[in-house]
Structures are given as structure tokens and as C-alpha cells.
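The structure appears below as C-alpha cells.
The values are calculated or read from the model by the stated rules, or taken from the named source; none is laboratory data. On a predicted model such as this, the values are computed, not experimentally measured, just so you know. Positions of Cβ are backbone-derived with ideal geometry, glycine not excepted, and every protein chain shown enters the neighbour counts.
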Amino acid sequence: MKKPPLTLLLLLGASIFASAVWAFNTTGARWVGVSTTFHVDIPGVAPSGQTWSAAFEDALTQWSEKTAFDFLVDRTAVDPCRGYSRSTGSNMRDFPAGIGDGQNSAGFRNDVCGNDFGSNVLAITLTMSDLGSLGFTQMSQSDIIFNGNLEWDIYKSATKTAKDFGRVALHEIGHSLGLDHQLGVPAIMAPTLGNITTLQDDDIAGANAIYKIKDKCLTTQINVNARINDALKTGDCRIMDLFGGSDDTSFVDVYKFKLDKMTFLNMEMKSSELDAVLIIAKTDLSGITIFDDFGTSCDPKVATSLPAGEYLLLANSFVDPKKCGSNTGTYSITITDTRFPLLGLVKNASGNAMVAAALFSGAATAGNGTTIKTSFTANEAFNITAQIAPDPLHVGLTGSVYVLVTLGNGKQFVKDRAGKFELFNGALSTLAPYKTGPLAALEKIQIADNLTGINSGLVGQSVSVHVGYAIESKPLDIYYGSEPIKFSIDAN
Ligand SMILES: [Zn+2]
């Protein structure tokens, strides 16, 4: 990221870039993602017999098929001038006022939404954009106004008096993609109308330079319950590799996850070395939400519900960190689909410094399991629930899951395979497993189900519960969460 994100949704510095054959150039703006939807319903038929709508769709299709960008078509009519009006400036060539309607559309008009076309202007592309924080201007809307005062047709031959709608549409759509005029090589983006009627290599290369994601940005598939331990370092992919046209040199690691249904997610990125930034996006890089410091910390923390679909999670930092360390260094990301808190960092009971990218979470809850509590009355029903997402390298291997309960009086119990709490003498080699078998990607553990202080004999006790696991080949390397599930049961 280049600077802290501007308030999202607010169109700060909103501006209209206009471009037209023989008239204007665009800037380095681009769409955030690699697709957008155009409303196409242009009434009428060309002298050639083809409808204007069909020719416009053909032009969109050429760009979609030959480049990394995809135009989707919605055939419901939207007025391309909706949300724009004649500007009040004295110069009739000023571009219209307003911020549009947020939708992309095209059509013939006798003026540019109230303002003059000026002489020799075949068409104008109006683009709304705002200054993002990823090193490029983010386009959010594009409308193409064809000059209805001129004579038009649709044909492939050398240019005639009647202008060829098809090649002008191709050119204007190029501006909609953020392309500028091109001189010196054959291009539909040439500044003047010529005999080229299809996209040229230079046009395709231009669009792909903006929208094709560079191969070096490897994507790592992750589960929705996972802990990632990695680092941003020299040689990593950069934001500018993901978003062509960006000049944001900050490093980024790219993760991908899939949700089968609307899912509540807790995500947290932590680092003591870099100024962490977490970005959620759709897989086409649209729908970006940027998370920076949570509260007074320097680390981003997100609690959100996302609809079913595939998402990218980008671990990022600043080009130029102003606080909270560097723009390179190690970080961890935790992502869970539970409202239960994380149980700290990953520890190894053997004392070995073996790192596992495992995730432990859990809580004690009142009766129905929805309310997390840390103290209960003597006859109040409680549940204790935990879940373990083993390191992906351990998933599928034979292993054991452990539950260890420590009471305030120092006594320790393990929950065994039979579901019984057995006294534990403290020797790791005698620790009885709760479960043994292939480790699932998510191990859910019901530690207590509808107990009360009275029927469990825990009245007046404080209780700490640790959960952990080990793989069969290294039985003493028991990984567990550094923080237990903690609660107490009031004395009567
Ligand atoms: Zn142009």
C-alpha cells in the first residue's frame, strides 16, 4: 500500500476524464478488478442492417476474448447521461457536471450530457475514478457517448463519410480500459480514425500490461481455519505486479480461500517486524477492502461476514512505513470461521522449537452455546467447545488430539477416548489422547456438554482447558495453544 486508505466508499478527488477520437487522452486510471458490466441497449439499426447494440457487443467481445479483461453485458437500458448534467462553466466544451449513476453504458446523444461535442469529435468516454491507495487511480464507471449529429454506419472497408461505429466503439472501449492513444504502430488506439477495424497486437499488449496478473504472484490455497506463518521479503510479488498500471512497490503475499455459504470470519494479521496491512478481494481483484491498524495496535483485525464464493487474502505492508516497523519481515495471519477466540500462539509441549502453522480456538459458553462466558453460577449449564486446525502438513496423517483440564487447586485431568476425565500425573508420556486417527483439517472437540458446577463437582473452582495434538511419528511434540479456555464456577 502506498498510504493509509482513504475512507472507503467516499469518492475523494472524484474527477471526470474524457477522451475522444481526435480530442483527448486518458490518464493511467484502471478498473480495480479484471471485469466490469456494460449496459448495452442502443436503439436503432445501421444502414448496413446490423443493430448498433450488436456492433457494440461485438466490440466488447473483441476486448474480452483477446485480453485479460472481461466485459459482461447487461441488455437492460441505462441512460449513459444519467447522473451527469450540463456544467455551468462559460466554456461549452467543459465536461458535464455530476458523478454519474455508477453504471456503465453507451449511446448516441446530440451533446455530451448537456455540453457540446466540439468539432470533429466522434465520441467521448466519460470515466469516474477516485484516488486509491494501491498506486493507481481506480475507475468505477465509464459511459461512452457517440456523437448523434454525425452520419454513422457499420462496415469493415476503408473509412467513408459515414463513420464506422464498430471501430470507434473499439477505440472508446479501449479508453474505458484506461488505454491512452498510441502513435507510430498500427493500433485501434491511434489518435485519428483510420482503416484499422480490429484490435491490433499493440492494443492487446496494452490491455494485458494493465490487467494480466504476473506469474510471479503465486497464490497459496488456504482453509478458512488456518494459521499462516510467512514473511514479506525482497523478491516477493509486489502490488504493482497484481495491478498493472500501479506504481505501488510494496510486497504482497497472495492467499486464496473458498466459502461454501455466507460465513462469519475472524481474521488477524500480526507482525513485530512490519507494518501489516490485510486486503480482502474477490478473485478478479475487484471488491477490495483494505484493513490497516485495529484500534491502537499496528496490526489489522477483521470480523466480517462474506457471501459464498472465492476470495483472495493479500498480506501487504506500506511502500514507506511511517510507524510500526518496516515493509519487510515475518508475519502471521489467522483466519477462523468461529466466534470463539483464538487460544494464543502455538507451543510445543516437548520444548522443541518446532513451528506448526496450527490454530486453536475455543470457549466456555452458557447453555445453548452462543454466549461466551468466563464465570458461571453453580447450577448454570455450560458447554466447553474447542477446535483445532492442524498444520496443513499434518492433515491426513495419523495423530492424537489431547484435552487437558487444570483446576485452580492444581489437579489436572485429561479427557480420554471414552469421554471420561482421568487424573493426569504430569508425565507427558502418559497423557491419554481424546482421539487417535487421521487428523482432519478441522478437529471439533466437545469437551463439556451441558454440565453444571453442581453435577460436575466444580463449584468454587477456576478451570483452564488446553487442547493440543501430535502426529504419530513425533508423539511428544504436542502442539497446543498458549492460552487456555478459562472460566470459573461461583461458590454457592
Ligand atoms: Zn481516443
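Annotation note: of Thr338, Thr296, the sole residue that is of a type in the set (S, T, N, Q), in a loop (DSSP other than H, G, I, E, B) and free of Cβ contacts under 8 Å to residues at least 24 places away in the same chain is Thr296. If you go through region 160-180 and pick out every residue that is of a type in the set (A, V, I, L, M, F, W, C), in contact with an Asp or Glu (Cβ under 9 Å, 6 or more places away or on another chain) and in a helix (DSSP H, G or I), you end up with 3.
Let's see how each residue does on (1) hydroxyl-bearing (Ser, Thr, Tyr); (2) closer than 20 Å to Asp253 by Cβ:
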{"position": "Phe294", "(1), (2)": "no, yes"}
{"position": "Cys298", "(1), (2)": "no, yes"}
{"position": "Lys301", "(1), (2)": "no, yes"}
{"position": "Leu313", "(1), (2)": "no, yes"}
{"position": "Lys323", "(1), (2)": "no, no"}
{"position": "Thr328", "(1), (2)": "yes, yes"}
{"position": "Ser332", "(1), (2)": "yes, yes"}
{"position": "Phe340", "(1), (2)": "no, no"}
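Being in contact (Cβ under 8 Å) with a residue 12 or more places away in the chain, at negative phi and over 41 Å from the mean Cα position of the chain (by Cα) is the filter here, so list the residues in region 426-455 that pass it.
Of everything in region 426-455, those that are in contact (Cβ under 8 Å) with a residue 12 or more places away in the chain, at negative phi and over 41 Å from the mean Cα position of the chain (by Cα) turn out to be Leu428, Ser429, Leu431, Ala432, Leu451, Thr452, Gly453, Ile454.
Entry remark, region 8-52: residues being crowded, with 19+ Cβ neighbours inside 10 Å, over 29 Å from the mean Cα position of the chain (by Cα) and at pLDDT 95 or above number 2 in total.
For the criterion of being modelled with pLDDT under 85, polar (S, T, N, Q) and surrounded by fewer than 22 Cβ atoms within 10 Å (Cβ to Cβ), Ser129 fails. For Gln141, are the conditions met, namely being in contact with a Gly (Cβ under 8 Å, 6 or more places away or on another chain) and over 20 Å from Asp79 (Cα atoms)? No, not satisfied. Checked against the criterion of being surrounded by 15 or more Cβ atoms within 10 Å (Cβ to Cβ) and outside any loop (DSSP other than H, G, I, E, B), the candidates Thr365, Thr330 yield just one match: Thr365.
Results for (1) touching a residue at least 60 places away in the same chain (Cβ under 8 Å); (2) touching a Leu at 6+ places or on another chain (Cβ under 9 Å); (3) closer than 25 Å to Gly362 by Cβ, shown as yes or no for each residue.
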| residue | (1), (2), (3) |
| --- | --- |
| Lys216 | no, no, no |
| Asn223 | yes, yes, yes |
| Ala226 | yes, yes, yes |
| Thr234 | yes, no, no |
| Cys237 | no, yes, no |
| Thr249 | yes, no, no |
| Lys256 | no, yes, no |
| Met262 | no, yes, yes |
| Val277 | yes, yes, no |
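In region 137-147 there is no residue matching the filter, namely being assigned to a loop (DSSP other than H, G, I, E, B), within 38 Å of the chain's Cα centre (by Cα) and away from the ligand (no atom under 15 Å from the Cβ). Looking only at region 395-413, which residues are surrounded by fewer than 20 Cβ atoms within 10 Å (Cβ to Cβ) and of a type outside the set (Phe, Trp, Tyr)? Residues satisfying the conditions are Val395, Gly396, Leu397, Thr398, Thr406, Leu407, Gly408, Asn409, Gly410, Lys411, Gln412.
How about region 388-492: which strands (runs of 3 or more DSSP E) wholly inside it have at least 2 residues that are acidic (Asp, Glu)?
Numbers: elements: 398-407, 412-415, 421-423, 435-438, 443-451, 462-471, 479-481, 485-489.
Where strands (runs of 3 or more DSSP E) fall fully within region 388-492 and carry at least 2 residues being acidic (Asp, Glu), they are 443-451.
Scan region 116-136 for residues that are under 21 Å from Ser246 (Cβ atoms) and more than 16 Å from the ligand (Cβ to nearest atom) and report the count. Here the count works out to 9. Restricting attention to region 295-327, the residues that are touching a Leu at 6+ places or on another chain (Cβ under 9 Å), of a type in the set (D, E, K, R), closer than 23 Å to Cys237 by Cβ and surrounded by fewer than 19 Cβ atoms within 10 Å (Cβ to Cβ) add up to 1. If you check Gly369, Gly396, Gly351 for being assigned by TED's automatic domain parsing to the domain that holds Ile445, of a type outside the set (Lys, Arg), more than 16 Å from Val224 (Cβ to Cβ) and modelled with pLDDT of 95 or more, only one passes: Gly396. Any chance you could count how many residues in region 345-395 are farther than 30 Å from Leu476 by Cα and in contact with a Lys or Arg (Cβ under 9 Å, 6 or more places away or on another chain)? Of the residues in region 345-395, 7 are farther than 30 Å from Leu476 by Cα and in contact with a Lys or Arg (Cβ under 9 Å, 6 or more places away or on another chain). Residues of region 160-172 that are β-branched (Val, Ile, Thr) and either outside the structural domain of Pro43 (by TED's automatic domain parsing) or within 15 Å of the ligand (Cβ to nearest atom) (or both): Val168 alone. Name the residue that is farthest from the chain's Cα centre (by Cα), counting only residues in region 377-393 that are within 30 Å of Ala226 (Cβ to Cβ) and either small (Gly, Ala, Ser) or surrounded by fewer than 18 Cβ atoms within 10 Å (Cβ to Cβ) (or both). Top of the filtered list is Ala386.
Residue count for region 160-183 satisfying the condition of being surrounded by fewer than 17 Cβ atoms within 10 Å (Cβ to Cβ) and either in contact with a helix residue (DSSP H, G or I) (Cβ under 9 Å, 6 or more places away or on another chain) or touching a residue at least 12 places away in the same chain (Cβ under 8 Å) (or both): 2.
Taken over region 428-456, the criterion of being out of contact with any Phe, Trp or Tyr (no Cβ under 9 Å at 6 or more places or on another chain), more than 19 Å from Gly481 (Cα to Cα) and not polar (S, T, N, Q) is satisfied by Gly437, Pro438, Asp449, Ile454.
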